[in-house]
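Just below is one structure, and these are the notes that go with it.
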Amino acid sequence: MNTQFNTHTSGSAYLPLFFLTAIFFMNFTIRISISPLMPTILTDMALTRDQAGSFFLFSASGYCIALFFSGFVSARLRHRNTIVLSAMGTGIVFIFTGFSQSLSAMRLGIFLAGAGSGLYLSSGIAVLTATIARKNWGKALGVHELAPNLSFLLTPVICELLLLWMTWRQVLFVLGGVSILLGWSFSRFSSIQDFAGEAPRLKSFRPLAAIPSFWWMMLLFSLGVSGTLGVYSMLPLFLVNEHGMVQTQANTLVTLSRIATLPMPLVIGWIADRMGLKPVIAAVLMLKWCAGDRYRGFFRPASAGRHFLPAVAGGLFFPAGLCRIVQYQLPSDPQRCGLFYNSGRLSDGWRRNPRFDRSSG
């Protein structure tokens, strides 16, 4: 079935772009907000580090499953309703997570919040590219992709500010409420091109499975995501428990470590154009390995810069990795690109659980 899209002019596209970026920002913020709150949650609920780390495994598992099956949901509900479901459903689940009194209830709530977040990405990209004129895709996607980096930067600050006036449970209520409000506002006020998604088909993946470099890129994305989100998620708890920092100081350091990631896509694009993708990706992964191995030992002010290296290396990897994916000449179906993210998110959650990480003890 052929569908005609009457894309908006640049002026009329501002509101849909704002809503999509804001929903993506809150979507990401809810998923990572447990990290800066973790020292407080661990103390309040008397959890062990293994139990705390399991939250991230459950979140990544929910996200992975929902992202893979999001095509089935959008095919039935259409993209607009899928985005609304993602924003409002994630917010409602996160509010109920704040009422959790047991470890099992927290794990279930975080799993469902991750699943709600996973419904957004493919529908958000599809709606964005259908609503905005093709000549403005680069600028629009650039603005949209600022959401994760801004979330990395601002989430510790937001959580610390809210903790000045409320408990960690009330912080979850606030974040969930904002997500619900954004979902409702998007449904009520935003004018977009709406259409049904396309459910994944096995035959669509067979050509990719025959390409050896496809599996290498999936492995590299797994390493890239786990080395970025994995370190970010457990770093506040690590600094508090292992180095005796107070939570505010730990979250401040995490925030500062993300500032340098904002210009990284421009830097790596310039380097990759001159050196090629393969040597750049190899160098970035080596940098990530060297940076990640430096978390052993005692914390000293002179060594604080070591905590910045994994964040910077992560900002360098993903633009180069995405450029390599484009070279596969994938069709426009966002579900196929989701394979890379799925492999990374699941391995990321596995790595973030200290039970499976010997170096965490």
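Just need a number here: residues in the range 94-144 that are in contact with a strand residue (DSSP E or B) (Cβ under 8 Å, 6 or more places away or on another chain), assigned to a helix (DSSP H, G or I) and of a type in the set (A, V, I, L, M, F, W, C).
So the count comes out to 1.
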Discussion item. I'd like to verify a number: residues in the range 110-140 that are buried (at least 24 other Cβ atoms within 10 Å of the Cβ) and either without any contact (Cβ under 8 Å) to a residue 24 or more places away in the chain or in contact with an Asp or Glu (Cβ under 6 Å, 6 or more places away or on another chain) (or both), how many?
Written reply: 0
Practice prompt. Scan the range 31-78 for residues that are farther than 24 Å from Pro148 by Cβ, part of a helix (DSSP H, G or I) and of a type in the set (Gly, Ala, Ser) and jot them down.
Written response: Ala75
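No value in this document is a laboratory result; all are computed from the given coordinates. Everything numeric here is computed off the predicted structure, so don't read it as measured data. Positions of Cβ are backbone-derived with ideal geometry, glycine not excepted, and every protein chain shown enters the neighbour counts.
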